[in-house]
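What follows is a single structure, written as structure tokens, with notes after it.
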Amino acid sequence: MFHILIAFGAFQALFLASVFLTHAKDNLPKKLFAFFLIIEGFTLVERVLVESGMIGSVPHILGISYPINFIKPPVLFFIALAIVNPKFKIRQIHALHLIPFFLILLMNIPFYMETGAKKIEMVNEFVNYIPSYTDFNFYFFLSFFVYIGIYIFLTVRTLRGYQVHVKNNKLSNWYLWILYMYGVTLLISLIHFSLEPSGIIEIRHFGITSMLIMTFLIQSIAYSFFVKSNVFHHRPTSINNVDQVMKDEKIIREKLELEKAYLNDDLNLGEFAEALGFTKKYVSDVINQRFGNSFKEVINQYRVEEAKNLMQQEIDTNPQLISIGYQSGFNNKVSFYRTFKRHTGKSPSDYYRFLTASK
């Protein structure tokens, strides 16, 4: 049953990769992510064949997935670079990131020259082999976790730095979520590998367990992708344009905070953008990226703060709260009460009572 689930995960990864590549066009993040899925899918195929004993029918695919896993860390990093900078291209200099892959490939050439029967024998010995802390192989295998850990750290740092300037980009948020899940998966494997020689931890069939975890991750990727099928079509703002975006953000904030444009109860995005001399799409993008919310929600936030300030100013006059709502830019009672409670957790009347009680 477990083998069937893992095989399904492997072929789903390869299927997703083919979907991504078919519709990639000039979308570099999508192409690179497809390559990542191909590596994971092929690795799962090889491992499930070994675990199920079916590798005897195709022994010569043994050992192929090991070196290509050293391509995966740079690919993860390149995806992040392509997200934060739409002009990013893979260049010859980036081949330096593949040096570990070529070294491991060279080291495996003697293994590839063996007969199928010899390969199976060597792999069976490897599967049952637990290196000790004094064994060089332990530290050699540990170096892979260090290697991929460094790249994941750099990738996350790149995305987090991007999000400081661009707060609400769907693609970067989605990819960061994938990285966190993938990092947890690797951490579980690292803990098991590090403690296994000590005998402190002994999990039977951990190979199956780790493959099931990776299968779950692929299922999550598939689900999140198809639920958010336009995630790769959400063109990110280049980090190179951030200075201009920040200047325009200041103009928008001045329009809201100094001129209080939100007090106009008929205000809409088109009218607001026209008053600034920008396009609707550009204003919407800047507000989403810099304010972390939609235009409508940002306007409502300002209106709620205005209502709170008016209540504070009129705390001794027992004002009509609906009048405060209209003065704050709301055009009807229902909208005022619903929006106010959503942002403060209290209805306007409850909030006013709270102010008078704490006076």
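The values are calculated or read from the model by the stated rules, or taken from the named source; none is laboratory data. Keep in mind it's a predicted model, so treat the numbers as computed, not measured. Neighbour counts are summed over all protein chains in view; Cβ atoms, including those assigned to glycine, are modelled from backbone coordinates with ideal geometry.
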### Only listed residue being in a helix (DSSP H, G or I), touching a Leu at 6+ places or on another chain (Cβ under 9 Å) and at pLDDT below 80, chosen from 45, 50
50
### Task
Taking only region 327-348 into account, find how many residues are under 41 Å from the mean Cα position of the chain (by Cα) and part of a helix (DSSP H, G or I).
13
### Query
Do we have residue 20 as in a helix (DSSP H, G or I), touching a residue at least 24 places away in the same chain (Cβ under 8 Å) and surrounded by fewer than 21 Cβ atoms within 10 Å (Cβ to Cβ) here?
no
### Task
Name the one entry in 121, 114 that is assigned to a helix (DSSP H, G or I) and among the acidic types (Asp, Glu).
121
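Which residues, taken from region 289-326, are in a loop (DSSP other than H, G, I, E, B), hydroxyl-bearing (Ser, Thr, Tyr) and under 41 Å from the mean Cα position of the chain (by Cα)?
The first filter runs over region 289-326 and keeps only residues in a loop (DSSP other than H, G, I, E, B), leaving 292-294, 314-320.
Next, only the ones that are hydroxyl-bearing (Ser, Thr, Tyr) stay: 294, 317.
Within region 289-326, just 294 meets the criteria.
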#### Entry: Residues of region 56-104 satisfying the condition of being over 18 Å from residue 157 (Cα atoms), touching a Gly at 6+ places or on another chain (Cβ under 9 Å) and surrounded by 17 or more Cβ atoms within 10 Å (Cβ to Cβ)
59, 62
### Query
How many residues are among the aromatic types (Phe, Trp, Tyr), surrounded by fewer than 18 Cβ atoms within 10 Å (Cβ to Cβ) and touching a Ser or Thr at 6+ places or on another chain (Cβ under 7 Å) when one looks only at region 262-306?
0
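Of a type in the set (D, E, K, R) and free of Cβ contacts under 8 Å to residues at least 40 places away in the same chain - does that describe any residue in region 85-105? I'd like the intermediate steps shown before the answer.
So in region 85-105, the residues of a type in the set (D, E, K, R) come out as 87, 89, 91.
Checking which are free of Cβ contacts under 8 Å to residues at least 40 places away in the same chain leaves us with 91.
Yes, some residue in region 85-105 is of a type in the set (D, E, K, R) and free of Cβ contacts under 8 Å to residues at least 40 places away in the same chain.
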